[in-house]
Amino acid sequence: MQLSPLDWSIVAAALATTLIIGFVVSKKASADSSSYFLAGRSMPWWLLGLSMVATTFSADTPNLVTDIVRSQGIAGNWVWWSMLITGMLTTFVYAKIWRRLGVTTDVEFYERRYSGKPARFLRGFRALYLGVFFNVMIMASVTLAAIKIGTVLFSVSPEMIVMGAGLITVVFSAAGGFLGVLITDMLLFVLAMTGSMLAAYYAVNHPAVGGLENLLAHVNVADKLAFIPDMSDPNQYIPLLLVPLLVQWWSVWYPGSEPGGGGYVAQRMLAAKNENHAVAASAFFNFCHYAVRPWPWILVALASLVVFPDLASLAAALPQVPAHLVREDLAYSAMLTFLPAGVLGIVVASLVSAYVSTISTSLNWGASYYVNDFYARFVRPDASDRRQVMVGRIVTAVLMVLAGVLALMLESAMQAFRLLLTVGAGTGLLFLLRWFWPRINAWSEIAAMVLSFAVSLFFEFGPFESLLAWQKLVLSVALTTAGWVTVTFITAPTDAAVLQQFQGSLRVQPAQIRQGAYAAALSTLGIYGALFTVGAVLFGNYSAAVALALATAAAVVLTRYWFKRSNQPVQSAAVMVD
């Protein structure tokens with residue numbers, strides 16, 4: 001298919017707006033390294049929250065949800081819905097203490113919490129491990145989605161897509177810094193949500209689908225509609241529900257859902273004007289991410305099962321797409337080929353916007369790690385702000401090149417998602433406990449990082465073909481967790497003076513942590529209630545929708561109560577206990 005002149009003008013307008021904003025704020029963004037990476041620590045909650053949502057709404061997210069729904073049904077989404085628990089703990093327990101640390105990046109945490117040469121090594125190595133290795137994997141996954149969308153809609157080669165998308169994003173990111181990312185994220189989120197809703201409307205009303213009622217009754221869709229997997233079948237409920245809810249959410253490090261907060265989520269909390277704005281930004285992000293956005297993607301995925309029931313039908317309809325890219329996630333892009341002129345332009349612009357938003361965040365985040373926690377800490381401690389900004393811009397370009405090369409090697413969104421999950425398996429519990437358990441030291445973190453990587457490779461490439469993916473994940477978590485806990489007890493603890501200073505900077509007590517945890521649990525139930533209320537309305541189950549809405553309202557009221565209590569000063573013992 002071909003985009004009409006109207007479609008191209010809409011896409012061009014979206015890209016031009018992004019680039020203009022980047023150049024307009026470039027002078028302010030380049031004032032110093034704090035301005036370039038944290039926008040001066042003066043940002044309001046709503047802007048930061050919208051930026052978090054826009055960043056997680058990457059070009060690969062609709063593809064991933066489509067892959068999940070087509071292969072596992074709606075219930076398969078618990079693999080990422082379960083991470084809401086992590087997100088709400090971050091909101092009500094960790095957001096305030098991240099903001100109180102006053103660091104530039106979350107990696108700087110290591111030299112605040114640990115002592116000696118291991119702490120210095122951990123900060124420098126983790127900056128490269130996350131800022132380069134993990135970050136490139138994230139961007140490669142997102143760029144893979146751009147490749148699939150581009151090959152379907154524009155009939156151009158993957159290499160041309162990588163070069164074009166990468167060049168535009170690098171120019172914007174290098175010029176505008178973090179402030180440019182925040183401002184454009186606000187606009188891009190509105191455009192992205194508009195595009196996803198339009199895509200869902202036209203997918204459901206495709207002539208082969210015939211509306212929402214016919215879609216839900218179609219034989220290809222009927223067995224995909226359950227919110228909860230079949231509890232009589234262990235092959236369904238163990239990998240789709242029990243493992244995500246009982247193991248994955250607390251044990252796995254995943255970008256945007258790090259246990260205890262981290263990455264670009266921590267970057268935005270650190271940029272907030274105060275602690276309350278950090279909390280509100282995280283709460284707003286999690287509500288939008290889990291309760292507002294999923295259903296348009298799910299509807300498109302369900303409709304695609306009617307129009308393209310299998311991979312053979314996808315391949316036949318899209319002969320220009322390379323064979324190795326024809327996977328279940330391609331169905332989302334395929335459904336866009338039926339959009340009318342004008343609407344197609346809006347949807348394509350929304351996907352381009354989602355790509356730019358996510359990649360620009362990853363580039364700025366990764367560059368901040370390299371500059372603040374490696375270059376300025378170990379290579380050139382005397383580097384001026386101007387030089388740090390210049391190095392950050394160079395690193396931005398290098399990261400994009402690496403991500404583009406890796407993207408050309410990947411095949412599906414689920415493949416990239418699973419890879420990120422397994423590499424971070426077993427480290428999550430440490431990230432939750434390191435704030436409060438003083439016995440954890442730098443060697444604990446080093447052991448967790450090395451073991452999670454080694455164990456994941458062991459199960460991925462070893463003779464374990466008989467093991468299912470969820471079994472490999474659980475074993476990886478068990479081995480890695482046992483390993484770092486053992487190292488914790490056989491190595492020397494952190495210097496007492498460092499621990500005392502760190503604890504003093506937190507200014508938090510056990511009663512406040514407990515109350516924050518109550519608020520996190522209740523808010524989690526409330527957001528799940530909102531998510532399934534929308535689903536019940538779409539599926540015509542209005543009695544269930546009313547019950548879920550009432551439960552959601554009750555959870556919100558109780559969340560507010562416990563959050564207010566967690567903000568009240570209390571007299572209690574120190575937060576860190578042996």
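Nothing in this text is a laboratory measurement; each read-out follows from the coordinates by a stated rule. Quick caveat: nothing in here was measured; it's all calculated off a predicted structure. Positions of Cβ are generated from backbone atoms using ideal geometry, with glycine treated the same way; all protein chains shown enter the neighbour counts.
If you find the alpha carbon centre of the stretch 68-89 and of the stretch 98-126, how far apart are they in angstrom? The stretch 68-89 and the stretch 98-126 have Cα centres separated by 31 Å.
A Förster distance of 25 Å, applied to the separation of the beta-carbon atoms of Trp437 and Arg565, puts the FRET efficiency at 0.55.
Comparing Trp80, Phe109, Trp8 along the charge dipole axis of the chain, the residue lying farthest to the positive side is Phe109, per the Cβ-charge model.
Taking amide hydrogens as placed 1.01 Å from N in the peptide plane, the amide H of Ala425 sits under 5 Å from those of Trp253, each at least 5 positions away in sequence or on another chain. Subtracting the Cα-Cα distance of Ile20 and Ser4 from their residue separation scaled by 0.36 nm leaves 3.3 nm. Using the Cβ-Cβ distance between Asp223 and Ala317 with R0 = 22 Å, the FRET efficiency computed as 1/(1 + (r/R0)^6) comes to roughly 0.40. The shape of the stretch 435-578 comes out oblate: with a ≥ b ≥ c from the C-alpha gyration tensor, a/c is at least 1.5 while a/b does not beat b/c. Report, in whole Å, the centroid distance computed from the Cα atoms of the stretch 339-399 and the stretch 204-219. Taking the Cα centre of each part, the stretch 339-399 and the stretch 204-219 sit 41 Å apart.
For the chain, the number of Lys pairs separated by eight or more positions or lying on different chains, with C-alpha atoms closer than 26 Å, is 7. Selection among Ser444, Gly526, Thr488 by position relative to the dipole of the stretch 433-551 gives Gly526 as farthest towards the positive end (Cβ unit charges, Cα centre).
Evaluated with a Cβ-only charge set (Lys, Arg +1; Asp, Glu -1), the chain carries a dipole of roughly 1920 debye about its Cα centre, given to the nearest 20. Between Val405, Leu191, Val279, the Cα set farthest toward the positive side of the dipole of the chain (charges on each charged residue's Cβ, about the Cα centre) is that of Val279. Overall, the anisotropy analysis places the stretch 67-174 in the oblate class: the square-rooted eigenvalues a ≥ b ≥ c of its C-alpha gyration tensor yield a/c not less than 1.5, with a/b not exceeding b/c. Ranked by how many other Cβ atoms sit within 10 Å of their own Cβ, fewest first, the residues Met409, Met83 fall in the order Met409, Met83.
In the chain, the calculated helix contribution to ellipticity at 222 nm averages -21500 deg cm²/dmol per residue, counting -39,500 (n - 2.57) for every DSSP H run with n ≥ 4.
Going by neighbour counts of Cβ atoms within 10 Å, the residues Val69, Val455 line up, fewest first, as Val455, Val69. Cβ crowding within 10 Å, taken as a proxy for footprinting-reagent exposure, orders Val171, Val326 from fewest neighbours to most as Val171, Val326.
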